[in-house]
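First comes the structure, then the notes that go with it.
The values are calculated or read from the model by the stated rules, or taken from the named source; none is laboratory data. Computed from a predicted model, the values in this text were never measured in an experiment. Here the Cβ positions follow ideal geometry from the backbone for every residue, glycine too, while neighbour counts run over all protein chains shown.
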């Protein structure tokens, strides 16, 4: 599995309770610790990015019946409005705009099935 990362913008918000700095290690996103699980929730057609994030956090695995909520220390990829995003949940579920990471990774080229993914294919410590 290889990813071709092309980061166009990096946003750092030092005012957040946990400031984030995007670092890449080869073709992986570097984090303090690996997410315990990673998912591809698929494509969402919500009217806002916030709505798409909420939908992704509500059902991370469309391959299974019912909703499977994103848990603490887990990550989810999803598509919205022609772009690809990844969000990493901190130690507390559900989504918190002040502490959870959201990155537009539209330049990332890889084939991703919906459902569960392997954390070390996308993240490094």
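Of the numbered criteria (1) out of contact with any strand residue (DSSP E or B) (no Cβ under 8 Å at 6 or more places or on another chain); (2) closer than 15 Å to residue 36 by Cβ, the one residue 100 fails is (1).
Looking only at residues that are in a loop (DSSP other than H, G, I, E, B) and modelled with pLDDT of 85 or more in the stretch 113-125, which one is surrounded by the most Cβ atoms within 10 Å (Cβ to Cβ)?
Applying the filter and picking the extreme gives 122.
One residue stands out among those in the stretch 82-97 that are assigned to a loop (DSSP other than H, G, I, E, B) and touching a strand residue (DSSP E or B) at 6+ places or on another chain (Cβ under 9 Å): the one that is surrounded by the most Cβ atoms within 10 Å (Cβ to Cβ), which is 89.
Name the residues in the stretch 38-57 that are in a helix (DSSP H, G or I) and surrounded by 15 or more Cβ atoms within 10 Å (Cβ to Cβ), would you?
Across the stretch 38-57, the qualifying residues are 49, 52, 53, 55, 56, 57.
Looking at the stretch 2-21, is at least one residue at pLDDT below 95, under 17 Å from residue 123 (Cβ atoms), more than 14 Å from the chain's Cα centre (by Cα) and not in a loop (DSSP other than H, G, I, E, B)? Yes, that holds for at least one residue.
Apart from one condition, residue 81 fits all of (1) over 11 Å from the mean Cα position of the chain (by Cα); (2) closer than 19 Å to residue 29 by Cβ; the exception is (2). Of the residues examined, residue 71 is not one that is in a loop (DSSP other than H, G, I, E, B), within 20 Å of residue 34 (Cα to Cα), more than 13 Å from the chain's Cα centre (by Cα) and in contact (Cβ under 8 Å) with a residue 12 or more places away in the chain.
In the set (1) in contact with a helix residue (DSSP H, G or I) (Cβ under 7 Å, 6 or more places away or on another chain); (2) buried (at least 18 other Cβ atoms within 10 Å of the Cβ), residue 60 fails one condition alone, (1).
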